[in-house]
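What follows is a set of notes on a single structure, which appears directly below.
Here, each number is a calculation from the coordinates, and none is a lab measurement. On a predicted model such as this, the values are computed, not experimentally measured, just so you know. Cβ placement follows ideal geometry from the backbone for every residue including glycine, while neighbour counts extend to all protein chains displayed.
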Amino acid sequence: MLPARFEYHRPSTLEEALALLAEHGDDAKVLAGGQSLIPMMKLRFAAPAQLIDINRIEGLDAIEEADGELHIGALVRHNQLVSSDLLASKYPMIAAAAPQIADPLVRNLGTIGGSLTHCDPSGDLGSVMLAANARVVLRSSTGEREVPMTDFVVSTFQSSIEPTELLTQIRITSPTGRYGGTYLKLERKIGDYATVATATRLMIGDDGTISLAGIGLTSVGLTNIKATAAEESLIGKTPGDDAFAEAGRIAAEASSPVTDVRGSEAYKRHMVEVYVRRGLTRAAELAGAA
Ligand SMILES: Cc1cc2nc3c(=O)[nH]c(=O)nc-3n(C[C@H](O)[C@H](O)[C@H](O)COP(=O)(O)OP(=O)(O)OC[C@H]3O[C@@H](n4cnc5c(N)ncnc54)[C@H](O)[C@@H]3O)c2cc1C
């Protein structure tokens, strides 16, 4: 199918893009990698009168550390996450997730900003960023605000971004000390969306107990899920089978999968439990605590 008619804008600066968003508001849609938006437009699920292509804007595609934080530009492609030495060395959960997103063609074009704003409960980066306690930077022509991922994710395909705002950056507090994380994805075949996937990370304190835990769940609810109670159950515990099995059980309770072509509700819930336990075990190994 062909998309409905639209006017195409290709701003070359952030200020120009923000001015266009301020002018057109609800009538406009931002085009990043186009891997979700273009299919939606072709199916006429989206029919923006104004399309604002942000691909020519410079300065939105860096992965760097500053002031004790990791900063990822909204236009960073999935494949940039895959090939980043910084992520491979210090942010194993993101590094593990990136190569499991879609296929090489989609990874070449799809962006982290587009993936997060799309708010697909089957999106991999949403749960990674929930587990990482990430914040997103939203800019408009009148200012900037920083929003925690827990407030950014509102519902299925719905974020808290305003029509006049552009997501410009993702910020994550850099880990210190003994730290590990991973992303486990169960998929029917390579390149498929997750049947179930789990993002897990751990920080181990000087006394050998868990000082920070992050758990995000993919494809098992109306949104990506932050398994807060399971995270909290780990704090102060000695890393090991008992603590990880308990966290897996609590995370499974926080999930609300549905039966579909990828599996039954009971199977998916069970896999949340198994993958959270395995993911935490791997995170502890990487942190040198197992
Ligand atoms: C065949 C196929 C398989 C896929 N498999 C997976 C998978 O396994 N896992 C997975 O996570 N994803 C998967 N995807 C989705 C893919 O990761 C998309 O790239 C991603 O969801 C959207 O990113 P994008 O840059 O293409 O965004 P676009 O399609 O350009 O935009 C998506 C939405 O976000 C908005 N938007 C984009 N950027 C911004 C911004 N900076 N500020 C404000 N709004 C913005 C757009 O207006 C639109 O509403 C798949 C896609 C395809 C086509």
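Which loop trypsin sites (Lys or Arg not before Pro) in segment 132-233, with loop taken from DSSP, have no more than 13 other Cβ atoms within 10 angstrom of their Cβ? Counting only loop positions with at most 13 other Cβ atoms within 10 Å, the trypsin sites (Lys or Arg not before Pro) in segment 132-233 are R188, K189. For V196, nonlocal amide neighbours, meaning residues 5 or more places apart or on other chains whose placed amide H falls under 5 Å from its own, are L186.
A Förster radius of 51 Å combined with the Cβ-Cβ distance from E23 to K90 puts the calculated FRET efficiency at roughly 0.80. What shape does segment 119-188 have by the C-alpha gyration tensor, where a ≥ b ≥ c are the square roots of the eigenvalues, rounded means a/c under 1.5, and otherwise prolate means a/b greater than b/c and oblate the rest? Cα axes put segment 119-188 in the oblate bin. Site pair T142 and D103 shows an inter-label distance of 4.5 nm when each label is modelled 7 Å from Cα along Cα→Cβ.
Taking Cβ atoms as reference points and 14 Å as the exclusive limit, the residues near I38 contribute a net charge of +2, counting Lys and Arg as +1 and Asp and Glu as -1.
Taking the longest Cα principal axis of the chain as reference, the axis of helix 265-286 is set at about 70 degrees. Taking amide H as placed 1.01 Å from N in the peptide plane, the amide H of D120 sits under 5 Å from that of F157, each at least 5 places away or on another chain.
Using 0.36 nm per residue and subtracting the Cα-Cα separation, the extra length available between S12 and I38 on full extension is 7.3 nm. With a ≥ b ≥ c taken as the square roots of the eigenvalues of the C-alpha gyration tensor of segment 159-282, please select rounded if a/c is under 1.5 and otherwise prolate if a/b is larger than b/c or oblate if it is not? Oblate shape, in that a/c is at least 1.5 and b/c is the bigger or equal ratio.
Phi-derived couplings, Karplus 6.51 cos²θ - 1.76 cosθ + 1.60 at θ = phi - 60°, listed residue by residue for segment 110-125: x, 10, 5, x, x, 4, 5, 5, 5, 6, 7, x, 8, x, 7, 6 Hz, with x used for Gly and Pro. Computed 3J(HN,Hα) for segment 147-164, one whole-Hz value per residue from the Karplus formula 6.51 cos²θ - 1.76 cosθ + 1.60 where θ = phi - 60°, is 10, x, 3, 4, 8, 6, 7, 9, 7, 4, 6, 9, 10, 8, 5, 8, x, 8, glycine and proline marked x. What FRET efficiency would be calculated for the residue pair T259, R5, taking the C-beta separation as r and a Förster radius of 41 Å, to the nearest 0.05? The calculated FRET efficiency here is 0.55. Over segment 1-90, the Kirkwood radius and the radius of gyration, each from Cα atoms, give a ratio Rg/Rh of 1.06. Taking the alpha carbon gyration tensor of the chain, multiplying each eigenvalue by 5 and rooting it gives semi-axes of 33, 22, 15 Å, largest first.
In order along segment 212-226, the phi-based Karplus estimate (6.51 cos²θ - 1.76 cosθ + 1.60, θ = phi - 60°) of 3J(HN,Hα) comes to 8, 9, x, 9, x, 10, 10, 6, 10, x, 6, 9, 4, 10, 9 Hz; Gly and Pro are listed as x.
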